[in-house]
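Remarks on the structure that follows.
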Amino acid sequence: MPGMKEAITSRTYDLWSKFYDLTFGALVVRRQWAAVTHLPVKSGDRVLDLGVGTGMTLPHYPRDVQVVGLDLSPGMLSKAARRCRQQNLGHCHLVRADAMFPPFAPQSFDHIVICHTISVVSDPRRLLAWAQRMIRPGGSIVVLNHFQSTQPLMAGLERLLNPLFVKIGWRSDLALEDVLEGSDLTVTYSFKLRCFDIWRIVVLTSDRSPTTVAGRSHGSHAAASAAPPHPPSTRGPRLQPAGAV
């Protein structure tokens, strides 16, 4: 079964960046706003936008929180930097990095937002395991994504079309239940903006410590695959003001 590969995905989204906001972005902009508004942020919080893309979510964050936007695609980050300059988003910083190896220490963020990224990476479970490791106790992970339908006929169609969707940048066969299998993340609630919406917003919380997330031995193969390896470097990234990317 075809899967995602970060090197190919980065080049694909460099191309997408030229017209993303006017195509796919136009379809999901209200959902991105809704995802950000369901973050329980307070003044002074630090938020990671994991897979920030062209920065469409960035204007929706309160000005009294610090936002770090991470993406692998230089083309997408260039658009995000332009948005930050044009809208004077001084509270936002951008980092180019691989979401499979985010260069941040445990408990670096109060909350994490993951919009349309979990079906783009090569290992969605690992992505969530990293996110769980990086949030502080009491933090939330808000995920906006398309997940495989629970209706058998629609799910079959999504599996059938998946090879095509992989070629244009994302998976169509990713089931939420499969992503959460073996993790200690809890679905606090989830919702769709419309009854027949294909995108869902899922709010996740974890009661487990980041040290345990990264280090304990899991009882099942599925859970073991979700445990993130140690990052290539333990040094923190150099955060660039958004306009400098």
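Each value in this text was obtained by applying a stated rule to the coordinates, not by laboratory testing. All figures in this text were calculated on a predicted structure; none of them were measured in a lab. Neighbour counts are summed over all protein chains in view; Cβ atoms, including those assigned to glycine, are modelled from backbone coordinates with ideal geometry.
Just a few scattered comments:
- Charged-residue dipole, Cβ positions (Lys, Arg, Asp, Glu), the stretch 30-96 about Cα centre, Debye nearest 20: 200
- Sequence-separation-based contact order of the stretch 1-69, relative, with Cα cut under 8 Å and 6+ spacing, percent: 32
- Kirkwood's formula applied to the C-alpha pairs of the stretch 31-124 gives a hydrodynamic radius of 13.3 angstrom.
- Taking the convex hull of the alpha carbon positions in the stretch 72-194 and averaging its projected area over all directions gives 9.3 nm².
- Annotation: amide H of HIS93 within the under-5 Å range of VAL67, VAL68, GLY69, sequence separation 5 or more or interchain, hydrogens built in the peptide plane.
- Peptides 77-84, 61-68 ranked from most to least packed by the mean count of surrounding Cβ atoms within 10 Å: 77-84, 61-68.
- Spacing of the modelled spin labels on LEU27 and GLN107, each 7 Å from Cα toward Cβ, amounts to 4.1 nm.
- Going from the fewest other Cβ atoms within 10 Å to the most, the residues MET56, MET100 appear in the order MET100, MET56.
- Relative frequency of Cα-Cα separations exceeding 19 Å in the stretch 81-135, percent: 37
- Residue-wise HN-Hα coupling along the stretch 113-118, computed from phi with Karplus coefficients 6.51, -1.76, 1.60 (Hz; x: Gly, Pro): 10, 10, 9, 6, 10, 5
- Virtual spin-label span in nm between LEU193 and ARG11, 7 Å along Cα→Cβ: 3.3
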